[in-house]
Amino acid sequence: MQSSAARKMTPEGWLEPPPLPHHYDTIENHQAALRFGMWLFLGTEVLLFAGIFLGYFVFRHYFPESFEQAARHLSVVLGTANTLLLLTSSLTVALAHHNAEHGKNRNAFWLLMASVSMGAGFLGIKAVEYTEKFHEGALPGKFFSFSEITAPGGPVFYVVYFFSTGLHALHVVVGMSLLTWVAIRCWRKEFSPTYYAPVENAGLYWHLVDLVWIFLYPLLYLV
Amino acid sequence: MTAPITTAGVPPAGAVFPKKSYLNDGTTIRSWLLTHDHKRIALLYLVAVLIALFLGGVFAMVIRLELLTPGPTIVEALTYNRMFTLHGLIMIFMFMIPAIPAVFGNFFLPIMLGAKDVAFPKWNLTSWYVYIAGSTLMLWGLITGGADTGWTFYTPYSTTTTTNITPVMLGVFIIGFSSILTGLNFIVTIHTLRAPGVTWFRMPLFVWAVYATSIIQVLATPVLGLTTLLVAAEHTFGFGFFDPARGGDPILFQHLFWFYSHPAVYIMVLPAMGVISEVICAVARKNIFGYKMIAMSSLGIAFVGFFAWGHHLFTSGQSAFDAGAFAAISMLVGVFTAIKVFNWVGTLYKGAIAFTAPFAYICGFLFFLVFGGMTGVALATVSLDVHWQDTYFVVAHFHFIMVGAVIMGFLAALHYWFPKMFGRKYPENWGLLAAGLIVLGFNATFIPQFLLGNAGMPRRYYEYPERFAALNVASTAGASLLAFGFIIIAIYLAISLKYGEVAGRNPWGSRGYEWDVPSPPPTENFDAVPVFTRGPHEYQDVPEELAKVGHAI
Ligand SMILES: [Cu+2]
């Protein structure tokens with residue numbers, strides 16, 4: 001952010017908003033464009049995951065037994081812990097958005113950092129789960145060698161499992177980077193009641209990451 | 001600070017080339033490669049898609065030359081498979097998807113809305129780099145890995161072929177990202193950056209068409225992205241998602257693939273339809289007939305296009321009910337297209353038509369769209385499709401739409417907007433000659449293919465029985481004519497860039513908003529925020545002498 005150095009601090013204790021791009025007439029219009037763009041992007045993400053959810057339902061329909069057996073071999077405790085982590089991190093992101101909107105940049109910074117740590121916690125637990133699967137041979141396709149799933153279709157379940165959770169984990173990493181980036185900008189006191197779209201957008205992305213997991217969790221672990 | 005825009009008028013005699021424009025605002029290579037100006041990004045895209053068109057065309061000629069004789073002609077069977085794979089992938093993902101939206105959409109959409117730029121100029125430039133990166137990876141993969149799956153990369157062949165298709169899949173995935181960025185940018189631009197006076201129903205019809213296209217790009221492309229990732233993962237790691245031996249389902253691939261690839265046809269053809277709606281008013285010197293109908297039918301096509309993909313699976317074990325439903329939905333596209341065609345013809349009726357190259361392309365477009373569309377309705381009829389499935393009839397049908405209609409739209413746009421983009425005119429006589437050659441060559445190439453397909457010649461075959469020889473020769477001859485036409489266009493446009501007659505602000509006497517800015521436009525498009533006091537296709541209040549002004553015939 002080379003522009004932040006040149007920007008003045010206002011009496012309220014935050015930086016002036018960055019100069020308005022020349023093709024917008026008001027800052028509100030610019031913020032609205034950024035927000036709308038993010039919502040559209042989230043729409044593309046939903047469709048990206050829709051394909052893999054479709055795969056889940058198709059294969060669950062083909063192999064209901066092995067999907068039930070496989071679900072029983074996933075740790076509901078770890079899965080629930082991860083769900084709680086993500087839900088809480090979504091809450092702190094929402095609070096950070098609220099604080100940034102009122103110019104309380106420091107509060108927003110700590111709340112965002114809390115969300116990032118919870119994201120890291122989520123990935124840690126996911127790594128534990130993955131390691132266990134690797135040891136058991138509960139792996140996709142030709143790597144499948146897990147003797148406890150007796151019904152046909154086990155390899156396909158683990159394709160769905162690893163592909164969906166792997167793609168989701170990638171989104172967690174991207175989301176954490178985005179949150180860290182806006183957290184740094186919070187530290188520099190860049191956000192104010194007139195300019196907070198980046199926090200809002202990073203937050204929206206994180207809520208999507210949460211939302212996808214809210215669907216993956218019951219489908220993979222519970223039913 | 002607002003100033004009402006003046007009515008587009010007669011080009012002043014001896015128009016002078018503007019001293020300052022987007023073309024000379026920065027002359028270093030760096031100023032082009034790092035530009036955020038939507039017009040310069042449009043030109044970057046233009047260069048890229050023309051290279052793609054050239055490459056795809058060369059591979060098409062190799063295919064046609066190989067099919068000149070029943071046996072082996074110039075390449076081996078495996079090379080032949082690679083050639084049609086290269087041809088299909090380049091033409092679809094590198095040329096046709098970005099051709100009209102990313103070039104003419106980028107250039108004219110902001111101007112037509114009275115905006116200075118698109119909503120997110122940096123992302124706009126990013127999309128070009130993403131496109132270049134994806135295309136490079138895809139081409140590198142195709143040339144070194146020798147993929148021979150055809151552009152549809154059906155499983156299980158694509159996941160078990162010994163050729164290296166992983167970089168190709170990743171390349172397509174990355175190009176998809178660029179397509180999403182462009183579409184997203186346009187949607188946000190249309191929603192947030194319309195100038196005062198440009199209400200939704202005062203937007204030029206090209207903008208409506210690009211809007212419908214962008215919705216498809218944003219909603220369908222992610223599914224293709226996921227599909228290519230799955231195929232790449234399956235080919236590399238042996239996942240078995242689409243492999244029946246491991247419990248997977250190859251038909252699932254077809255569903256996912258066509259969920260994108262059927263609407264993708266409308267990503268290609270809708271912008272071409274938008275071009276025709278613009279150009280047809282200018283050449284007929286008449287208000288567009290049925291503005292709202294044309295605008296809404298674009299959205300209608302985009303909508304029903306999402307539910308028609310099953311017509312590619314008639315012979316893949318679909319239930320009779322599904323097949324019937326998908327057939328009926330597919331035919332609805334024909335209804336929306338017909339609405340457009342009737343409105344266009346209604347616009348021409350009693351118009352003061354200037355027989356220029358853009359008009360010649362409109363004629364070609366209408367013929368190819370109607371003929372291609374009718375054969376599309378025929379193909380959507382399940383019982384007929386069983387006979388034509390995977391024959392040259394299908395090849396001819398989609399080339400009528402995708403090459404016929406889309407290329408006619410692209411060339412009409414290129415000729416109609418050339419004076420605006422570069423400030424100079426092209427020679428009309430050469431333009432008409434090339435247009436004639438192309439329309440003729442195109443018919444000569446693909447009408448024989450309808451006959452071949454109906455007689456039972458399957459697509460993608462390297463050799464064919466003796467009785468198909470005559471029609472194949474005709475098709476190859478037509479393709480040569482087509483290529484010749486393109487070469488002529490390339491030459492006279494290249495010369496016109498530098499030596500063409502100076503166009504002036506509005507050489508066509510068009511009423512489109514974009515003709516109210518200088519040719520070529522200045523970097524900021526408008527000196528002040530424009531206020532549009534009329535609709536984009538309103539000709540009725542044009543004084544008599546203006547109606548006569550046109551391009552020399
Ligand atoms: Cu289709």
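Which length gain, in nm to one decimal place, applies between A:HIS61 and A:TRP39 when the Cα-Cα distance is subtracted from 0.36 nm times their residue separation?
4.7 nm
Run the accessible area of chain A with a 1.4 Å probe and give the carbon-and-sulfur part as a rounded percent.
In chain A, the share of accessible area belonging to carbon and sulfur is 70 percent.
Go through B:LYS20/B:LYS340; B:LYS19/B:LYS292; B:LYS116/B:LYS292 and tell me which ones have a Cα-Cα distance over 30 Å in this structure.
From the list (B:LYS20/B:LYS340; B:LYS19/B:LYS292; B:LYS116/B:LYS292), the Cα-Cα distance tops 30 Å for B:LYS20/B:LYS340; B:LYS19/B:LYS292.
Could you tell me the distance between the Cα centroids of region A:14-72 and region A:76-129, to the nearest Å?
Taking the Cα centre of region A:76-129 as reference, the centre of region A:14-72 is 18 Å away.
Across the Cα atoms of the protein assembly as shown, what radius of gyration and what greatest pairwise Cα-Cα distance (Dmax) are found, in Å?
Every Cα atom of the protein assembly as shown included, Rg and Dmax give 27.7, 87 Å.
Please name which of B:GLY376, B:ALA474, B:GLY114 has its Cα lying farthest along the dipole of region B:22-552 towards the positive end, using unit charges on Cβ (Lys, Arg +1; Asp, Glu -1) and the Cα centre as origin.
Positive-end residue among those listed: B:GLY114.
Please report, in cubic angstrom per residue, the volume enclosed by the convex hull of the alpha-carbon atoms of region B:395-520.
Residue-normalised Cα hull volume stands at 110 Å³.
Any idea what diffusion coefficient region A:26-222 gets from Stokes-Einstein, in µm²/s, Kirkwood Rh on alpha carbon pairs, 37 °C, 0.692 mPa s?
Rounded, D is 183 µm²/s.
Dipole of the protein assembly as shown, Cα-centred, from +1 at each Lys and Arg C-beta and -1 at each Asp and Glu C-beta, to the nearest 20 debye?
1500
Just the ratio, please: alpha-carbon radius of gyration of region B:118-259 over 2.2 N^0.38 Å, N its number of residues.
Working it through for region B:118-259, the quotient is 1.26.
What do you get when you divide the Cα radius of gyration of region B:219-287 by 2.2 N^0.38 Å, with N the number of residues?
Taking the Cα Rg and dividing by 2.2 N^0.38 Å, one obtains 1.76.
If one takes the longest principal axis of the Cα atoms in chain B, at what angle in degrees, from 0 to 90 and to the nearest 10, does the Cα axis of helix B:38-66 lie?
Around 40 degrees separate the two axes.
Among A:GLY175, A:PHE191, A:LEU112, whose Cα sits farthest toward the positive end of the charge dipole of region A:26-222 (+1 at Cβ of Lys/Arg, -1 at Cβ of Asp/Glu, about the Cα centre)?
A:PHE191
Can you give the mean number of other chain Cβ atoms that lie within 10 Å of the Cβ atoms in peptide B:191-198?
3
Within a 10 angstrom radius of each residue's Cβ in B:235-241, how many Cβ atoms of other chains show up on average? Whole number is fine.
6
Please compute the volume of the convex hull spanned by the alpha-carbon atoms of region B:176-329 and report it per residue in Å³.
Taking only Cα atoms, region B:176-329 has a hull volume of 131 Å³ per residue.
Let me check against my output: what whole-number percent is the relative contact order of chain B, with C-alpha pairs under 8 Å and at least 6 apart?
Dividing the mean separation by the residue count of chain B yields 21 percent.
How much net charge surrounds B:PHE418 when only other residues with a Cβ under 11 Å from its Cβ are counted (Lys, Arg +1; Asp, Glu -1)?
+3
So how do B:386-395, B:218-227 stack up, highest first, on mean other-Cβ count within 10 Å?
Packing proxy ranking, top to bottom: B:218-227, B:386-395.
Dipole size in debye (nearest 20) for chain B around its Cα centre, Lys and Arg Cβ +1, Asp and Glu Cβ -1?
Approximately 1140 debye in magnitude.
Averaged across B:178-184, how many Cβ atoms of other chains sit within 10 Å of each residue's Cβ atom?
Taking all residues of B:178-184 together, the mean is 3.
Please give the helix B:406-422 orientation as an angle from the longest Cα principal axis of chain B, in degrees from 0 to 90, rounded to the nearest 10.
That helix lies at roughly 30 degrees to the long axis.
Counting only Cα, what are the radius of gyration and maximum Cα-Cα distance Dmax of chain B, in Å?
23.1, 74
Sort A:ASP25, B:ASP37 from largest to smallest accessible area, using a 1.4 Å probe on the heavy atoms of the protein chains.
A:ASP25, B:ASP37
Please compute the per residue accessible area over region B:22-552 with all protein chains in place, 1.4 Å probe, rounded to a whole number of Å².
With all protein chains present, region B:22-552 gives 33 Å² per residue.
Given a cut-off of under 8 Å on Cα pairs at least six residues apart, what relative contact order in percent is computed for region A:26-222?
Over region A:26-222, the number comes to 35 percent.
How are the Cα pair distances of region B:128-208 distributed, in percent, across 10 Å bins from 0?
17, 32, 21, 16, 12, 2
Can you list the residues, at least 5 places off or on another chain, whose amide H is less than 5 Å from the amide H of B:VAL529, using H built in the peptide plane?
B:ALA3
If you keep only loop residues by DSSP, which chymotrypsin sites (Phe, Trp or Tyr not before Pro) in region B:317-385 have at most 16 other Cβ atoms within 10 Å of their Cβ?
B:TYR349, B:PHE355
Based solely on its DSSP helices, what 222 nm [θ] is calculated for chain B when runs of n ≥ 4 H residues each add -39,500 (n - 2.57) and the sum is averaged over all residues, nearest 500 deg cm²/dmol?
So the helix-based figure for chain B works out to -21000 deg cm²/dmol.
Relative to the compact globular guide of 2.2 N^0.38 Å, what is the alpha carbon radius of gyration of region B:76-190, as a ratio?
1.23
Among B:ALA354, B:GLY300, B:MET273, whose Cα lies farthest out toward the positive end of the dipole of region B:223-362, if unit charges sit on the beta carbon of Lys, Arg (+1) and Asp, Glu (-1)?
B:ALA354
The values are calculated or read from the model by the stated rules, or taken from the named source; none is laboratory data. The model shown is predicted, which means the values in this text are computed figures rather than measured ones. Heads up, the Cβs are rebuilt from the backbone with ideal geometry, glycines too, and the neighbour counts pull from every protein chain shown. Keep in mind that these areas ignore ligands, DNA and RNA; they rest on the heavy atoms of the full protein, side chains included. Shrake-Rupley method; radii C 1.70, N 1.55, O 1.52, S 1.80 Å.
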